[in-house]
Amino acid sequence: MSIDLSAAVSTFVSESKELLQDMEDGLLELETSLIDEQKSEVINSIFRAIHTIKGSAGIFGFTRIVDLTHLVETTLDEIRLGTITLDNRLISALLSSRDVIETLVVLSAQESEVDSHTKNKAKDLAAIFNDYLDDPHSHAMPSEIQPTTQAPHNRANNTLWHIFFIPNENVYRNGLDPFAFINFLSKEVIDLHVNTYTKTLNTTDMFDPESNYLSFHLCFASNKSESEIADIFDFIKTEAIIKILAPKAHFPDLKAACYEFGDVADILNMLRNTNSIDDTVLKAIADNKDYIQDPEPTQSTAGSPSITHTKLHQSKTLRVEALKLDRLIDQVGEMVITGARTNLLAHETGNETLIEAMALLERLVENIRDSSLKLRMVQIGETFNKFKRVVRDISQELGKEVELTIEGADTELDKTFVEKVSDPLMHIIRNAIDHGIEPPHVRLANNKSVPGHLKLKAYHDSGSIVIEISDDGCGLDKAKILKRATEKGLISAEQSLPDKEINLLIFAPGFTTAENITNISGRGVGMDVVKRNIESLRGSVEVESEPGVGSTILIRLPLTLSIIDGFMFSVHNDNYVIPLDTVVECLELHEVVAEQDIQDKSYINLRTEVLPFIRLRALFGIEERIAHTRESLVIVQFGTLRAGLVVDSLKGEFQTVVKPLGRLFEGLKCISGATILGSGDVAIILDVSALIKSAIAVYETLEFKQ
Amino acid sequence: MSKTILIVDDSDSLRQVVNIALSGAGYTIIEACDGKDALSKLTGLKIHLIISDVNMPNMNGIEFVKQAKQIAQYKFTPVIMLTTENQQHMMEEGKKAGAKAWMVKPFKPAQMLQAVAKLLSM
């Protein structure tokens with residue numbers, strides 16, 4: 001009977017990934033100081049995660065995963081029992097086993113071959129775990145007293161090899177002859193015994209001459225390694241169940257293999273005859289029930305203690321394909337545009353009831369827009385948590401101690417950002433640990449705590465999301481940056497730059513001050529990519545740094561990408577939109593300042609404050625002047641920067657569905673997209689951050705030259 | 001009428017495999033992700049067989065079976081418990097709680113079918 005399990009396999013993949021993430025979180029938690037009770041709880045849940053993966057992998061026949069997870073599980077079990085102490089090396093091994101298992105899960109699901117790199121890694125890990133399992137005490141901390149009761153029969157004392165070899169029904173049809181393998185084996189090993197079973201052939205009328213009904217138990221002596229023996233069966237392994245038990249096999253393995261094979265009594269007899277296993281082990285194997293226990297009505301007995309379970313986290317979530325969400329948001333966008341158009345038409349009719357109904361509809365559309373946009377919002381915590389592992393690995397590699405704190409993990413941002421911001425964050429964190437945080441001896445010499453501190457923080461700030469990465473390291477070395485930048489020809493030697501801009505030089509392409517190129521960073525690729533990536537999300541990067549105290553990198557991102565609350569105004573009969581969140585206030589230009597005061601000037605004296613401004617007519621190169629237009633001043637803010645925009649007239653708030661512009665417009669500064677109005681006209685969406693920057697740039701060049 | 005089987009396991013993929021195998025053989029399947037969830041589904045439904053994992057969050061399989069057996073309607077509903085080879089003591093507890101049979105994970109879907117057929121024919 002063939003059952004199509006492909007759907008279940010994909011469930012298995014996502015389930016395993018989730019469980020492995022739980023495992024990683026748990027392991028990292030174990031590294032922090034926990035009280036014993038919490039520790040055992042965490043170990044329990046890690047155990048359960050691995051256990052579940054092993055169980056499911058077994059059902060799909062992913063033997064590589066079963067083999068590795070089995071070892072991990074056994075190790076965890078021993079940790080639970082206290083026979084093995086969880087030390088740093090073991091945590092590292094468990095963490096890398098998590099990675100290998102994930103790779104194996106993905107590869108198995110794709111039915112692709114496992115590459116040799118992963119195979120070797122799995123082998124190395126198996127060696128480490130076996131090392132621990134063989135001699136738990138050699139790794140234990142000497143100060144801790146270990147319970148002396150080691151699991152009594154965890155290892156069988158068989159002196160011979162045992163192989164349970166069960167070719168499947170189709171083995172002959174697929175052109176493989178099991179006997180060829182047995183023949184080959186007989187030449188390679190000493191004293192081979194073969195027991196043949198015909199258990200799977202139940203009735204003769206079902207007999208199919210092309211099918212295989214035989215299974216074998218092979219018993220022999222050999223001083224080959226387990227992998228050498230396994231290699232003999234390499235070609236048939238996809239067509240058969242092969243359990244290889246080396247001398248001194250792991251007891252549960254042996255037992256499981258016996259039961260999987262089926263006829264336990266026969267096997268026990270045979271094992272007894274070969275004299276390779278002593279009686280206590282045989283008894284332990286025999287002391288088991290069959291898969292199906294004989295029917296025997298038993299009633300529950302009350303009073304046995306119930307076992308409480310904790311899972312690391314349990315979220316009631318629904319997995320939805322990202323594409324479906326994108327389509328929904330697209331459609332909501334269309335609905336918003338059509339709604340605006342219908343609204344316009346309703347107003348044209350002047351029909352009061354229609355207008356009222358439209359207003360209600362508009363409100364509903366707005367609600368739908370908000371809730372569907374929220375669907376795309378995810379908490380940044382998950383992304384932040386990923387870096388716990390990164391920080392741990394990098395700091396260990398560099399021999400530094402780093403403590404990571406996370407703040408604002410529940411801050412929500414668009415899924416698209418989460419995906420795109422993860423790589424830049426990785427680069428920044430690597431750089432912070434590599435260049436920012438000093439080695440322990442330097443920190444001690446500078447009167448700082450030995451472990452360096454790295455903080456990831458996320459919060460909302462006036463319509464944008466800010467992600468802060470701060471460290472308490474040595475700060476940016478301005479002299480070094482300037483020297484390197486001059487060498488690289490990024491700036492000329494006589495140029496004098498404000499601190500902020502010096503700091504931003506670290507984002508210039510090809511820039512690095514690291515003298516030694518390390519594995520982690522120093523090749524000068526990355527930071528410029530960071531800046532480019534973030535700017536492609538309409539975000540910005542700022543750097544603050546104080547020598548000897550530390551540096552902070554601020555990433556500012558807009559809230560959403562697709563539908564925003566916009567503010568519309570017109571310049572020379574064309575409509576333009578900016579995000580409403582960036583608008584601080586709107587004023588009549590002539591009420592604030594007289595025209596002659598701002599002639600040829602680049603700033604306005606607004607309530608005794610200097611406000612750089614930009615005339616959009618001038619920016620867009622519209623020469624024609626309309627004297628009677630009473631121009632308006634829109635004051636906008638992005639981050640800490642402010643500027644004024646002089647426009648012809650204000651149109652007010654407007655729900656804006658952001659449509660990306662084609663590649664033709666890619667090079668254009670100050671323009672970030674377009675939108676369609678209710679009337680069917682197109683309005684350009686302006687990039688406020690770029691506008692402000694250009695206003696300030698003009699102001700600075702004009703005012704400081706004089 | 002096809003027979004109804006309740007499968008309780010915290011692994012989505014395992015439930016899916018069992019579901020595919022058993023519904024392919026004509027059984028009606030109800031899934032639950034842990035003991036609590038399973039109990040909430042035992043509300044008057046005619047269920048012919050329960051397959052339950054032992055190690056689950058919220059409420060484990062043993063506790064679930066015990067409580068299920070308290071409900072008059074399900075007192076004699078046969079239960080298959082799913083365990084792993086290193087949970088021998090669990091088998092004893094499961095038996096006490098009223099499980100009729102157990103299967104050791106990992107099992108082949110075909111083995112599961114055999115076991116189900118055997119129990120339901122009794």
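Can residue B:53 be described as charged (D, E, K, R), within 28 Å of residue A:4 (Cβ to Cβ) and in contact with a Pro (Cβ under 7 Å, 6 or more places away or on another chain)?
No; evaluated as a whole, the condition is false for this residue.
Quick one: is residue B:108 within 9 Å of chain A (Cβ to nearest Cβ), in contact with a Ser or Thr (Cβ under 9 Å, 6 or more places away or on another chain) and either modelled with pLDDT under 85 or over 19 Å from residue A:47 (Cα atoms) (or both)?
Against the criterion (within 9 Å of chain A (Cβ to nearest Cβ), in contact with a Ser or Thr (Cβ under 9 Å, 6 or more places away or on another chain) and either modelled with pLDDT under 85 or over 19 Å from residue A:47 (Cα atoms) (or both)), residue B:108 does not qualify.
Within the stretch B:40-63, how many residues turn out to be surrounded by 24 or more Cβ atoms within 10 Å (Cβ to Cβ) and either at pLDDT 90 or above or away from every other protein chain (no Cβ under 14 Å) (or both)?
3
If we scan the stretch A:8-18, do we find a residue that is more than 10 Å from every other protein chain (Cβ to nearest Cβ) and either within 15 Å of residue B:12 (Cα to Cα) or assigned to a helix (DSSP H, G or I) (or both)?
So far as the stretch A:8-18 goes, yes, one or more of its residues are more than 10 Å from every other protein chain (Cβ to nearest Cβ) and either within 15 Å of residue B:12 (Cα to Cα) or assigned to a helix (DSSP H, G or I) (or both).
Of the conditions (1) modelled with pLDDT under 80; (2) within 14 Å of another protein chain (Cβ to nearest Cβ); (3) assigned to a helix (DSSP H, G or I), residue A:138 fails just one. Which one is it?
Residue A:138 satisfies all of (1) modelled with pLDDT under 80; (2) within 14 Å of another protein chain (Cβ to nearest Cβ); (3) assigned to a helix (DSSP H, G or I) except (2).
Considering every residue within the stretch B:64-87, establish whether at least one is modelled with pLDDT under 80, out of contact with any strand residue (DSSP E or B) (no Cβ under 8 Å at 6 or more places or on another chain) and of a type in the set (S, T, N, Q).
Yes, because at least one residue in the stretch B:64-87 is modelled with pLDDT under 80, out of contact with any strand residue (DSSP E or B) (no Cβ under 8 Å at 6 or more places or on another chain) and of a type in the set (S, T, N, Q).
For the stretch A:554-590: of the residues being out of contact with any strand residue (DSSP E or B) (no Cβ under 9 Å at 6 or more places or on another chain) and of a type outside the set (S, T, N, Q), which is nearest to residue A:415 (Cα to Cα)?
Checking each candidate, the answer is A:572.
Being more than 9 Å from chain B (Cβ to nearest Cβ), within 22 Å of residue B:15 (Cα to Cα) and assigned to a helix (DSSP H, G or I): is that true of residue A:101 here?
Judged against the criteria, residue A:101 is a match.
Kindly state which strands (runs of 3 or more DSSP E) lie completely within the stretch A:334-436 and contain at least 1 residues that are closer than 29 Å to residue A:480 by Cβ.
Of the strands (runs of 3 or more DSSP E) lying wholly inside the stretch A:334-436, those with at least 1 residues that are closer than 29 Å to residue A:480 by Cβ span A:402-407.
Quick check: anything in the stretch A:428-443 farther than 18 Å from residue A:474 by Cβ, among the polar types (S, T, N, Q) and either touching a Ser or Thr at 6+ places or on another chain (Cβ under 6 Å) or not assigned by TED's automatic domain parsing to the domain that holds residue A:530 (or both)?
no
Looking only at the stretch B:64-81, count how many residues are more than 8 Å from chain A (Cβ to nearest Cβ), of a type outside the set (Val, Ile, Thr) and not in a loop (DSSP other than H, G, I, E, B).
7
Residues that are in a helix (DSSP H, G or I) and touching a Lys or Arg at 6+ places or on another chain (Cβ under 6 Å): does the stretch A:78-92 have at least one?
No - not one qualifying residue is present in the stretch A:78-92.
Can you confirm whether the stretch A:79-90 contains a residue that is within 14 Å of residue A:19 (Cα to Cα) and out of contact with any strand residue (DSSP E or B) (no Cβ under 6 Å at 6 or more places or on another chain)?
no
Out of all the residues in the stretch A:109-135, which are modelled with pLDDT under 80 and either in contact with an Asp or Glu (Cβ under 9 Å, 6 or more places away or on another chain) or in a helix (DSSP H, G or I) (or both)?
A:134
Would you confirm whether or not the stretch B:1-14 contains a residue that is surrounded by fewer than 18 Cβ atoms within 10 Å (Cβ to Cβ), basic (Lys, Arg) and not in a helix (DSSP H, G or I)?
Yes - at least one qualifying residue is present in the stretch B:1-14.
Which residue, of B:98, B:94, is facing chain A (nearest Cβ under 8 Å) and in contact with a strand residue (DSSP E or B) (Cβ under 7 Å, 6 or more places away or on another chain)?
Of B:98, B:94, the one residue that is facing chain A (nearest Cβ under 8 Å) and in contact with a strand residue (DSSP E or B) (Cβ under 7 Å, 6 or more places away or on another chain) is B:98.
Give A:388, A:478, A:455, A:400 a once-over and let me know the one that is touching a Pro at 6+ places or on another chain (Cβ under 8 Å) and under 23 Å from residue A:25 (Cβ atoms).
A:400
Somewhere in the stretch A:643-650, is a residue surrounded by fewer than 18 Cβ atoms within 10 Å (Cβ to Cβ) and touching a residue at least 60 places away in the same chain (Cβ under 8 Å)?
Yes, the stretch A:643-650 has at least one match.
Restricting attention to the stretch A:29-77, and to residues there that are among the β-branched types (Val, Ile, Thr) and out of contact with any helix residue (DSSP H, G or I) (no Cβ under 9 Å at 6 or more places or on another chain), which single residue is nearest to residue A:392 (Cα to Cα)?
The selected residue is A:32.
Of everything in the stretch B:82-91 that's among the hydrophobic types (A, V, I, L, M, F, W, C) and facing chain A (nearest Cβ under 9 Å), which residue is farthest from residue A:78 (Cα to Cα)?
That would be B:82.
The values are calculated or read from the model by the stated rules, or taken from the named source; none is laboratory data. Note that this is a predicted model, so its numbers are computed, not measured. Please note: Cβ atoms are built from the backbone with ideal geometry, for glycine as well, and neighbour counts cover all protein chains shown.
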